[in-house]
Amino acid sequence: MRAILCMLLALLCLATPGAALAFDVEEFDDGWGEWEFSPQKIGRSTTDGWAIVRNDGEQAARNATTGTKYTYYWKLSRDIDLTKAVDPSIDVRMYFRVFNYDYAAVQIGPKGASRLADFTTLQRWDAAMAGPEEHSYDVSAWAGQEVVVRVIMRKPYGVTESKIGLYVHRVGVAVDAPFVEAPVEPEVLNIGAFNVQIFGVTKMDKPDVVASLAAISTRYDLLLVQEIRDKSETAIYELLDQVNALVDDPYALLLSDRLGRTWSKEQYALLYRPSKLTWIDSYHYDDGDEPDADLFEREPYIARFAASDGTDFAVVSLHAAPDQAVDEIDFLADVIDDIAVRWEEPDVMVLGDLNAGCRYVTDSELPALLLAQDPAVDWWIDDLTDTTTTDTVCPYDRILTRGAVSDLVVEGSGSPYLFDQTLQLSPTDTRAVSDHYPVELLLELGGSDTAGR
């Protein structure tokens with residue numbers, strides 16, 4: 001291998017008199033060197049996304065296994081300056097073993113590239129290698145440019161894998177300029193909505209229920225908590241304290257007014273991580289004078305956030321009155337228009353228990369809704385999904401997006417979170433937490449290979 005590299009170096013120097021080209025080989029025996037890797041951690045666990053181990057008699061970088069169903073892309077990325085290079089080439093030694101991984105590939109793209117469409121695949125493997133293989137690729141077409149070179153492997157959504165799929169021994173590139181840092185990997189936000197079913201001081205007096213609620217909350221970067229019925233307005237802050245006791249990255253809280261036409265009032269709460277989201281503004285939608293001239297039983301509470309990459313969007317919180325669900329969901333079109341006028345914000349996410357199913361919104365009524373007919377609106381929880389912990393099978397809880405935020409949604413991530421399975425709760429203990437599951441989706445910021453409709 002080293003003899004081959006020396007020959008390539010000699011040929012390059014002969015072909016380009018006066019050029020200071022060198023064949024730079026990154027071997028993963030002394031660490032990561034100039035290469036950036038992702039994911040650094042698997043989910044919210046402490047499991048490293050990559051490790052350096054021995055394979056086939058030498059050191060290699062290998063991916064971690066995952067017990068999670070979410071899509072993962074293992075990437076080794078490096079920025080390379082080819083602005084002065086002549087006839088550069090890439091040499092790779094790697095071992096792809098497949099198992100439940102979709103594919104592995106070597107790719108090159110312009111500096112700053114992050115989306116799959118920005119890269120050219122030099123070679124892709126869909127079948128298992130018999131052992132480590134070495135390959136060389138002519139990248140002279142990219143001479144004179146600054147590029148990103150990466151090795152990538154994909155695990156599809158919905159499967160878990162306990163075997164190692166990829167070992168990368170080394171990657172070599174003909175360069176004549178210093179390497180620069182690789183672009184920062186896109187950030188993923190987990191956003192959820194949870195009807196906690198009559199949440200208040202009584203529920204907070206149940207330690208096991210509180211422990212479950214706190215554990216569930218730490219899953220999310222932004223969580224809408226609904227059906228808060230607490231005149232003292234203390235229970236939600238006690239929950240916030242319990243949540244922050246579990247994490248090093250504390251949450252903040254936005255709390256709506258107490259809302260409702262009758263003596264029974266509810267509040268919306270938005271728990272969010274200030275390290276990932278910056279609150280810009282919030283307001284209650286003005287739907288007319290209660291109790292006869294207003295549109296909503298509990299007016300939507302609207303907040304606007306900016307993410308770390310500059311992406312901003314509005315969040316509409318709604319717990320729809322069951323018997324007026326059809327009308328209230330239709331009125332959401334007016335709410336979205338109001339956001340566009342007030343904030344000039346086209347990117348909107350609607351979260352909540354919309355009671356959008358079964359007898360409250362029937363199969364014949366739902367297609368006639370304005371937001372169901374609007375091609376710019378995406379519904380991420382489908383009509384066949386059960387979002388309840390009871391014997392009913394109803395898609396009451398929904399997440400909708402409109403505008404560019406739809407393009408950030410990780411495909412297949414919209415689903416209920418079955419916390420009873422994760423926390424190993426009995427049916428009785430599950431229903432003590434709530435008669436609803438949280439619904440959730442992932443946003444991948446800054447561009448991604450997994451994002452899309």
Worksheet, complete the sentence: Pairing a residue in segment 349-375 that is among the hydroxyl-bearing types (S, T, Y) with any residue that is surrounded by 14 or more Cβ atoms within 10 Å (Cβ to Cβ), where Cβ atoms lie under 6 Å and the two sit 6 or more apart in sequence or on different chains, gives Y360/P322; Y360/A325
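Let's see how each residue does on (1) over 20 Å from Q226 (Cβ atoms); (2) crowded, with 22+ Cβ neighbours inside 10 Å; (3) at pLDDT below 95:
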site: W343; (1), (2), (3): yes, no, no
site: P346; (1), (2), (3): yes, no, no
site: L354; (1), (2), (3): no, yes, no
site: T385; (1), (2), (3): no, no, no
site: C394; (1), (2), (3): no, no, no
site: R402; (1), (2), (3): yes, yes, no
site: L441; (1), (2), (3): no, yes, no
site: S448; (1), (2), (3): yes, yes, yes
site: R453; (1), (2), (3): yes, no, yes
Worksheet item: Considering segment 302-334 alone, what residues qualify as being closer than 22 Å to L408 by Cα, over 23 Å from the mean Cα position of the chain (by Cα) and surrounded by fewer than 22 Cβ atoms within 10 Å (Cβ to Cβ)?
Response: A333
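Out of the residues in segment 241-263 that are in contact with a Lys or Arg (Cβ under 7 Å, 6 or more places away or on another chain) and of a type outside the set (A, V, I, L, M), state the one that is surrounded by the fewest Cβ atoms within 10 Å (Cβ to Cβ). Working first, answer last.
Just the residues of segment 241-263 that are in contact with a Lys or Arg (Cβ under 7 Å, 6 or more places away or on another chain), to begin with: 249, 251, 258-260.
Of the ones still in play, those that are also of a type outside the set (A, V, I, L, M) are 249, 251, 258, 260.
Numbers: D249: 11, Y251: 23, R258: 15, G260: 19.
Filtering first and then ranking leaves D249.
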Worksheet item: Is it the case that I336 is closer than 27 Å to T362 by Cβ and among the β-branched types (V, I, T)?
Response: yes
Worksheet item: Restricting the search to segment 193-225, which residues are basic (K, R) and touching a Gly at 6+ places or on another chain (Cβ under 9 Å)?
Response: R219
Practice prompt. State whether the residues of segment 274-291 include one that is charged (D, E, K, R), in contact with an Asp or Glu (Cβ under 6 Å, 6 or more places away or on another chain) and either in contact (Cβ under 8 Å) with a residue 24 or more places away in the chain or not assigned by TED's automatic domain parsing to the domain that holds V348 (or both).
Written response: yes
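Identify, please: which residue in segment 241-256 is touching a Phe, Trp or Tyr at 6+ places or on another chain (Cβ under 8 Å) and in a loop (DSSP other than H, G, I, E, B) and is, among those, farthest from L223 (Cα to Cα)? Give the steps one after another, and end with the answer.
Filtering segment 241-256 for residues touching a Phe, Trp or Tyr at 6+ places or on another chain (Cβ under 8 Å) gives 243-244, 251-256.
With in a loop (DSSP other than H, G, I, E, B) added as a condition, the list becomes 251, 256.
Details: Y251: 10, S256: 14 Å.
Top of the filtered list is S256.
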Discussion item. Of the residues E290, E266, only one is among the charged types (D, E, K, R) and buried (at least 18 other Cβ atoms within 10 Å of the Cβ); which?
Written reply: E266
Worksheet, complete the sentence: Among strands (runs of 3 or more DSSP E) entirely within segment 120-222, at least 3 residues that are over 31 Å from the mean Cα position of the chain (by Cα) and at pLDDT 95 or above occur in none
Worksheet item: Quick one: would you say G49 is surrounded by fewer than 16 Cβ atoms within 10 Å (Cβ to Cβ), in the same structural domain as S162 (by TED's automatic domain parsing) and not aromatic (F, W, Y)?
Response: no
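The values are calculated or read from the model by the stated rules, or taken from the named source; none is laboratory data. The model shown is predicted, which means the values in this text are computed figures rather than measured ones. Note that we place each Cβ from the backbone using ideal geometry, even for glycine, and neighbour counts take in every protein chain shown.
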